[in-house]
1. Kindly indicate the residue of the stretch 5-38 that is surrounded by 10 or more Cβ atoms within 10 Å (Cβ to Cβ) and of a type in the set (Gly, Ala, Ser) and also nearest to the chain's Cα centre (by Cα) among those meeting that condition.
2. Give me the helices (runs of 4 or more DSSP H) completely within the chain, filtered to those with at least 2 residues that are among the basic types (Lys, Arg), ordered by residue number.
3. Search the stretch 23-50 for residues that are within 18 Å of Glu72 (Cβ to Cβ) and pair each with any residue that is modelled with pLDDT under 95 and assigned to a loop (DSSP other than H, G, I, E, B) when their beta-carbon atoms are under 8 Å apart and the residues are at least 6 apart or on different chains.
4. Please find, among Leu41, Leu69, Leu77, the residue that is at pLDDT 90 or above, surrounded by 10 or more Cβ atoms within 10 Å (Cβ to Cβ) and either among the β-branched types (Val, Ile, Thr) or out of contact with any helix residue (DSSP H, G or I) (no Cβ under 9 Å at 6 or more places or on another chain) (or both).
5. Kindly list, by first and then second residue, each pair from a residue in the stretch 63-81 that is farther than 21 Å from Ala24 by Cα to a residue that is part of a helix (DSSP H, G or I) and not hydroxyl-bearing (Ser, Thr, Tyr), limited to pairs with Cβ atoms under 9 Å and residues at least 6 apart or on different chains.
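The values are calculated or read from the model by the stated rules, or taken from the named source; none is laboratory data. Keep in mind that what you see is a predicted model, and the values were worked out from it rather than measured. Cβ placement follows ideal geometry from the backbone for every residue including glycine, while neighbour counts extend to all protein chains displayed.
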Amino acid sequence: MARTKKPPPHEKPQFSIHSVTLSAEESAILQRLSQEASDFLGRSISSSAVIRALLRQVEKQGPSAADDLCFEVERELKAGVLWGKKKERA
């Protein structure tokens with residue numbers, strides 16, 4: 001009996017490591033989303049997987065979603081949450 005070839009393994013994407021700073025409320029949201037995804041898919045889903053999915057979803061939705069994201073960042077800045085430096089204009 002002839003053997004059938006195994007399909008080639010899928011290449012795993014290369015990942016880069018980033019640290020994020022979250023408030024207690026945002027951390028709870030991320031944990032809840034991770035738990036909901038775990039319950040839905042029937043396996044453990046990491047916070048990193050949820051963040052990657054959120055990024056892909058914003059990218060897929062296009063400019064209006066990116067605008068909404070910028071408005072959220074602006075709201076955070078106005079509330080006094082400042083990270084990074086203000087751009088200097090030449």
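1. Within the stretch 5-38, the first condition is being surrounded by 10 or more Cβ atoms within 10 Å (Cβ to Cβ), and the residues that meet it are 20, 22-23, 26-38.
Checking which are of a type in the set (Gly, Ala, Ser) leaves us with 23, 27-28, 34, 37-38.
Values: Ser23: 16, Ser27: 13, Ala28: 15, Ser34: 11, Ala37: 13, Ser38: 16 Å.
Out of the qualifying residues, it is Ser34.
2. Values: elements: 24-41, 47-61, 63-78.
In the chain, the matching helices (runs of 4 or more DSSP H) lie at 47-61, 63-78.
3. Hits for this filter: Leu30/Leu22.
4. On the way: Leu69 fails: either among the β-branched types (Val, Ile, Thr) or out of contact with any helix residue (DSSP H, G or I) (no Cβ under 9 Å at 6 or more places or on another chain) (or both); Leu77 fails: at pLDDT 90 or above.
Answer to the selection: Leu41.
5. The qualifying pairs are Ala65/Gln57; Ala65/Val58; Ala65/Glu59; Ala66/Val58; Ala66/Glu59; Asp68/Val58; Asp68/Gln61.
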